[in-house]
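The values are calculated or read from the model by the stated rules, or taken from the named source; none is laboratory data. As the structure is a computational prediction, the values presented were derived from the model and not from experiment. Reconstructed Cβ throughout: ideal geometry from the backbone, glycine too, with neighbour counts over all protein chains shown. With ligands, DNA and RNA removed, areas are computed over all heavy atoms of the protein, side chains included. Shrake-Rupley method; radii C 1.70, N 1.55, O 1.52, S 1.80 Å.
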Amino acid sequence: MPSRPYNIDIATHPEVLHRRAAEEFVRHAETAVRTQGHFSVALSGGSTPKNLYALLASQDHAFRAQVPWDKVHFFWGDERHVSPDHPDSNYRMTHEAMFSKVAVPTAHIHRIEGENPDADKAAAAYEQTLRHHFRLQSGQLPRFDLVLLGMGPDGHTASLFPGTKALHEQQRLVVANWVEKFNTFRITFTVPVLNNAAAVMFLISGEDKTDMLRTVLEGEKQPEHYPSQLIRPTHGELLWLVDQAAARLLEHKG
Ligand code: 6PG
C-alpha cells in the first residue's frame with residue numbers, strides 16, 4: 001500500500017527536478033513512439049518547464065539524443081493572448097529554450113494563435129487543430145500521451161484560474177478564459193481534455209508554492225478556489241514532480 005494518497009516525487013534541488021522531468025519526458029516519448037510511432041505532448045508555460053525545455057535541447061546532456069524529435073508533436077495546454085514574438089508568449093519561451101536549438105519539423109509545432117484579436121476565435125481554431133490531429137468525431141476528447149502542467153501560488157493550472165468560467169466547461173476542448181486579475185483573456189485547454197491524457201505531470205518548484213501545494217494535495221476539496229484539484233486523469237497517470245522547498249509542508253512525504 002502506498003503511504004500517500006498521491007503519486008509524488010520530491011527532488012532535493014530544482015536541478016534534480018529538471019533532470020527527473022527530462023527523464024520522464026524521454027520515457028513517455030520512447031513508449032509512445034514504440035507503441036504508436038509518434039508522441040503528442042501538451043506543454044506548459046512557466047519557469048520550471050522552461051528549464052526542462054532547455055535541458056532537453058542542451059548539447060551538454062544525453063537527453064537531446066534520446067528525444068525522438070522528428071516524431072514528437074508539440075501542443076500547448078494554454079497560451080497568453082499575445083503574438084508569438086511577445087515576451088509573455090508561451091510559444092516564444094519554448095522556441096527560445098528548445099525549438100531554436102533542435103531540429104523539429106515545423107508541421108509538428110502546433111501553437112495557439114494568441115495573436116488573433118478575438119480570443120474566442122483563437123480558442124475555436126485550436127480546438128479544430130486538436131480535432132484534426134487526433135481525428136476526433138463529435139463528442140470525442142483528444143488523448144495526449146503527456147500533459148505538462150505547472151501550478152501558480154493561487155492554485156491555478158494551465159489557464160484555469162480560481163473562480164473563472166472555464167473551470168466548469170464540459171463540452172469545449174479549448175476556451176478563451178477571462179482572467180479578471182490580469183484584465184485579459186487566456187486561451188486554455190478545458191478540464192475534460194487535461195483529464196483524458198494518458199499521463200499528466202505537474203512540475204512545481206520553490207517556496208512560493210509550499211502553502212498551495214499542501215492545500216491542493218492535502219487540504220479540503222475546493223476546486224473553485226484551487227483549480228489544480230480538478231486534475232484527476234480518468235484513465236491515465238498523474239505525477240507530482242516537486243522540489244523540497246515546495247514539498248516542505250506536506251504530511252505524506254513518503
Ligand atoms: C502559464 C502557465 C501556468 C504556469 C503556472 C506556474 O502560461 O503561465 O501555463 O499555468 O504553469 O503559472 O508557473 P511557474 O512554473 O512559472 O511557477
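Dipole magnitude for the chain: computed about the Cα centre from +1 point charges on Lys and Arg Cβ and -1 point charges on Asp and Glu Cβ, it is near 540 debye. Estimated from the Cβ-Cβ distance and a Förster radius of 35 angstrom, the FRET efficiency linking Q128 and K181 is about 0.75.
DSSP finds beta bridges in the chain, and of those with both partners inside it, around 30 percent are antiparallel.
Would the range 7-239 count as rounded, prolate or oblate if I go by the C-alpha gyration tensor, calling it rounded below 1.5 in a/c and otherwise prolate when a/b exceeds b/c, oblate otherwise?
On the way: a/c = 1.35, a/b = 1.10, b/c = 1.22.
The shape class here is rounded.
A crude spin-label estimate for the pair A65 and E251, with each label 7 Å from Cα along the Cβ direction, gives 4.7 nm.
Surface composition of the range 7-239: carbon plus sulfur atoms contribute 48% of the solvent-accessible area (1.4 Å probe, protein chains only, all chains present).
Calculate, for the chain, the solvent-accessible area per residue in square angstrom, rolling a 1.4 angstrom probe over the heavy atoms of the protein chains. Before the final figure, lay out the partial values.
Values: 11730 Å² over 254 residues.
Accessible area per residue: 46 Å².
Computed over the chain, the per-residue total of -39500 (n - 2.57) for DSSP H runs of n ≥ 4 gives a 222 nm mean residue ellipticity of -8500 deg cm²/dmol, rounded to 500.
Can you classify the range 1-76 as rounded, prolate or oblate using the Cα gyration tensor, where a ≥ b ≥ c are the square roots of its eigenvalues, rounded means a/c under 1.5, and otherwise it's prolate if a/b beats b/c and oblate if not? All intermediate terms of the calculation are to be shown ahead of the outcome.
On the way: a/c = 1.75, a/b = 1.26, b/c = 1.39.
In terms of gyration-tensor shape, oblate.
Reported to the nearest whole Å, the Cα centre-to-centre distance from the range 113-178 to the range 68-85 is 13.
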